[in-house]
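S.K.: One structure is given below, represented as structure tokens, and several questions about it will come after.
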Amino acid sequence: MSDFFNRTNQALLNWGWKLKSAFEPKIYYITNRLHYYFCMEEAEPSKRRDVLSDRFLLAYLIYKSRARDLGKTKIQKLVFFIESELAERNIKTFDYDFKRSNFGAFSGTVKDDLTELKACDILTEKTHKQFQYEHNFFALTDNGREIIEESDELLGENRDLINNVDAILQKYDQLPLDTILKIAYARKVEVDGKLVKIKDVRKGTDLNAGISEADSKNKLRMDDDWRETFCILFDRDECKSHNEALRDAREGRCSACDMGVDGL
């Protein structure tokens, strides 16, 4: 893994072991091997959503996009196109559930993940004013760009899948939003065993865009080291703790140790 991620893990390791050494009676374990199970939504194992893969691919999509109108509606449609079109070829990318909404396919979880990535200083939302209207567009922060650029090893290990994502993104990325919406409404999905255009589907209906892991021939492969790192970077609470650990490591101290045992 790159120096960027090694620095992240080493700072957390130093911070954790200082606490463990100072407060062994009260702290049962703080180690560098963070459990990433909290990053999988609670559900039956076969139905869990891989939050880390989704958030990484979402950040990657925004990194690769060259669209000047990359707002929340366009992101929803790009994610839907990538997930659904590649699922038809038994390639699993995103793992979002979509429903028919006022503007076609919509996932509340995509919206939530955008909010979470903003809270982790990976995304920023910029406002562009045109005439009397204001439009909000998404872009990666410097921190978000560094995370993606330092993930070249992970991207290389998944090159076939990433190339397929890039191809779908290039196909739609710079189309005007109204054209994107027309394509989305005309897209056919299976409902009750029949192929129906999304525009003809009742609002609130599940659109079943994705594919299960068992049925896929390719998916994003991410080992435990990557998962543990992304657990820190892609979760707002862990990200806050990580930033505090980095600050303490730079200052050569452990802020919790300064509090004394009674401060815990």
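S.K.: Which of the chymotrypsin sites (Phe, Trp or Tyr not before Pro) found in region 71-174 are loop residues per DSSP with 12 or fewer other Cβ atoms within 10 Å of their Cβ? Working shown, then result.
M.R.: Values: sites: PHE80, PHE81, PHE94, TYR96, PHE98, PHE103, PHE106, PHE131, TYR133, PHE137, PHE138, TYR172; in loops: PHE94, TYR96, PHE98, PHE103, PHE131.
Here the sparse-neighbourhood loop sites are PHE131.
S.K.: Taking 0.36 nm per residue of sequence separation and subtracting the Cα-Cα distance, how much length would be gained by fully extending the chain between LYS171 and GLU153, in nm to one decimal? Could the numbers behind the result be given before it?
M.R.: Working: separation 18, 0.36 × 18 = 6.48 nm, distance 2.53 nm.
Contour length minus the Cα-Cα distance gives 3.9 nm.
S.K.: Still on this structure, please answer the following. I'd like the FRET efficiency for HIS128 and TYR63, computed as 1/(1 + (r/R0)^6) with the beta carbon distance as r and R0 of 25 Å, rounded to 0.05.
M.R.: The computed FRET efficiency comes out at 0.80.
S.K.: For region 115-221, state which GluC sites (Glu not before Pro) are in a DSSP loop and have at most 13 other beta carbons lying within 10 Å of their beta carbon. Present the calculation step by step, with values, prior to reporting the outcome.
M.R.: Values: sites: GLU116, GLU125, GLU134, GLU146, GLU149, GLU150, GLU153, GLU157, GLU190, GLU213; in loops: GLU150, GLU213.
Taking region 115-221 and a limit of 13 other Cβ atoms within 10 Å, the loop GluC sites (Glu not before Pro) found are GLU213.
Bear in mind that the values in this text are calculations on the coordinates, not laboratory data. No experiment lies behind these values; they were computed from the predicted model shown. We place every Cβ from the backbone using ideal geometry, glycine too, and count neighbours over all the protein chains shown.
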